[in-house]
Structures are given as structure tokens and as C-alpha cells.
Number of protein chains: 2
Amino acid sequence: MAERPASPNRRTNDPEGLRQRLVDTAFAAFTTRGYHSSALHELKREAGVTGGALAHHFPTKKALGLAVIEDRVAEAVESTWITPVRAATTTAEGIQEVFTTIISELERKGVVSGCPLNNLALELSREDEAFQAAIEAIFLRWRTAIADKLRADLRVDRACDFDFDAMATLVVAAYSGAMAMAKATQSVAPLKVCGEQLTSIIRNQTQQGR
Amino acid sequence: MAERPASPNRRTNDPEGLRQRLVDTAFAAFTTRGYHSSALHELKREAGVTGGALAHHFPTKKALGLAVIEDRVAEAVESTWITPVRAATTTAEGIQEVFTTIISELERKGVVSGCPLNNLALELSREDEAFQAAIEAIFLRWRTAIADKLRADLRVDRACDFDFDAMATLVVAAYSGAMAMAKATQSVAPLKVCGEQLTSIIRNQTQQGR
């Protein structure tokens, strides 16, 4: 994309559109090439914005990184995981649907570039406390949504020793690890296997717990 | 460490020691700073070897990367996972022991730098086919050792529908994902939770299968 000339009209008319374009461009770059490997001057060029506009919205690269995590990465986890799990009849069905959708999408694209949250988490969380806190908050919302759904599956009167939070953590860990293995081997097989295992374990345990 | 002068005696007397020192230095650098962020001139300085000695053992950075994966990373997975799982009475006990050992080690060090295999797998496997094949071979040996142990747990006469390979893949994925979460949050909690969940699931399923 050619560099656009500085235009006060453009800045005044659509500052939010420009900010979105910058965050979208940075999200794509940070989650594929990496945060450190993406230079600000490249992002500026790719988004077609001026240096002044970039500095106006994001005075530092860190501010842009935080916006990517808090807006785009959080939104990706919300739409890919949290919304379908909440909408499903049971946790097992929700998880099965999430894995099926992700696997179809990867097969359609023909390339596994990994989970945006994990890619960024591994690169950035030790870097900076603000990054780490933002990443932890997303992991927490993700685990909480699954644990809440498991609790709803088992809404029974009698006590039950099923550990919802622990199972939710296992689901998130197994998905993240399976995606890393899928990326390393460029094959969706680990995701297929782990999706099936997780749903079968949860069906088994929630049936025992009823 | 100061740079050592080129010494034909040194090369002749202990070429294997020098090679080991280079691979050790590169392993430490690649699995913490990353392969791309580690320049050859830094590795040469850190290992205290001459450019000639480096070029003699590893004509390219890729050759050094392959030696790190095939020697050190494979060895780390062997000693951390494969040997203890094989030596344990049951798979569940073996996995529990592996997680306990890793958690103690991380608590002692006070920092979670992640799993060497996963760190390198995520950076390098899409880079180059030789890297990808070497990384896949390690994942396969790891999963096979766990599947074989599960099969031995359940050495019964009657047929059983327990899928050993699928459970082994889930164990490796959950461990890898839990380590990534532990690294992101600098807390061993995800490893503790996943270790307990996996051993409890395997105990439960192997008892059903007997």
C-alpha cells in the first residue's frame, strides 16, 4: 500500500478509523512476525498512515502493543472460544464446536500460524508488567467462561467433587499446547486428537457427577 | 569469558570438548534468547572459541541449530520425561513425578523460561524442513514413550477401547500449554493444576480399562 500524504482532513474526519487500521495492522504483524520483528516504520507504511498520526494515537510501541492485546487478542479469544462455549447446550458440545471450527478454518487457510494469545504471551509477558497483566486477564476470562459452563452442566443439588477451575485450566492448556504442536508440525492432527479427548473426558466426568 | 587464541594443539587435543562447548552455549542461547536473536559472533565469544574452530565444527548457523535440537533438546526431553515415565510403576505415577520434579526445579530457579522444545519448535519449525523434521521426531519419541507406558498399564487379555496414542498426545499438549501459561504468568500454578488433572484422569481411565 502506498504511503498516504499527511492530510488534516483525513485525521479530523476519521480518527477512530485510522486508529483501528493501525491496531489491525499491528495485530497481524505482531501475531505472525512477532512484536520485536515488526518495526514501527513498517507498520506505518503497511497501515498507510503518517508518522504524526501514529504518534498521535500511539506515542510508544508499547502503547500500540497494549492496544493489540486488550482490543484484538481479547476479542479473538471472546469470539473463538467464550461466545460459542456459552451458547452451546453443554460444555462438551461447546468445546467440540470450537475445535471443529478452528480446524476447518486452518484447513481452509492451509497454514497453522498458532494462537494469537499464546504467540504474543510467549514473546511479551516477561518483557513488561503491563503486557503480562493484560495477557493474564485474557487467560483468566477464558478459563472462567469454561469453568462457569462446567458448573452450569452440573447444576445439581448434591455436592460433587468435580474441580471446575482445574478442568477449565486443563482445557486451555491442552488447546494451547495442541495449537503449538499443530504449528510446529503444520498439521491439524494434534488439535483433532486433543479436542476429541477433552470432550470425551468432560462427557465422562460430567455424567459421573450428575 | 576471554577469546582464546587459535591453537592447533587445542583443536587436535580436544575437538569433541570444543564441539560440546559450542552446542551447550548455543542451546542456552537459542532456548532463552531465541535462535534469530543469537548472533554467531556472540556465541563464539560466549563459548570462548575462534571463528576457525566454529566454522570447522559448524559451517552454518543452521548446522549448529540442528545439533542443538538433535543433541541437547532431544536429551532434555529424554531425561526430563521419557526416562522417569519408563522407570515409574504406572503412567500416572510417572507423570506425577515428572510434574513434581519440573515444578520444584522452577521454584528453585525462581523464573519460568519455558520448555526448550516448545520454545524452539515455535520459532524454527516453519523456518526450515530439516528443523521441522528434527522437532517432529522428538515430539514423536515423547508421545510414543507415554503411549507405550499406558499400554503396559493396561496389559490385559480382553480388548479395551482406551486410545493410548490420543491420551499421550493430550498429555504432551497439556504439559506444553501449561508450561507456556506458566511462562506467561511466571507462576507454576498451571503446571500444578494440569499435572493433577492428567494423573487423576489417567488413574480413572486405566482403572476403568482394567
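Among B:Ala166, B:Ala145, B:Ala182, B:Ala178, which is of a type in the set (A, V, I, L, M) and more than 10 Å from chain A (Cβ to nearest Cβ)?
Working: B:Ala166 fails: more than 10 Å from chain A (Cβ to nearest Cβ); B:Ala182 fails: more than 10 Å from chain A (Cβ to nearest Cβ); B:Ala178 fails: more than 10 Å from chain A (Cβ to nearest Cβ).
So the residue among B:Ala166, B:Ala145, B:Ala182, B:Ala178 that is of a type in the set (A, V, I, L, M) and more than 10 Å from chain A (Cβ to nearest Cβ) is B:Ala145.
Kindly list, by first and then second residue, each pair from a residue in the stretch B:168-192 that is in the same structural domain as B:Glu123 (by TED's automatic domain parsing) to a residue that is of a type in the set (Lys, Arg) and in a loop (DSSP other than H, G, I, E, B), limited to pairs with Cβ atoms under 9 Å and residues at least 6 apart or on different chains.
B:Lys183/A:Arg126; B:Ala184/A:Arg126; B:Gln186/A:Arg126
Out of everything in the stretch B:152-185 that is out of contact with any Gly (no Cβ under 9 Å at 6 or more places or on another chain) and not in a helix (DSSP H, G or I), what residue ends up being modelled with the lowest pLDDT?
Of everything passing the filter in the stretch B:152-185, B:Asp157 is modelled with the lowest pLDDT.
The values are calculated or read from the model by the stated rules, or taken from the named source; none is laboratory data. Predicted, not measured: the structure shown is a model, and the values here were computed from it. Reconstructed Cβ throughout: ideal geometry from the backbone, glycine too, with neighbour counts over all protein chains shown.
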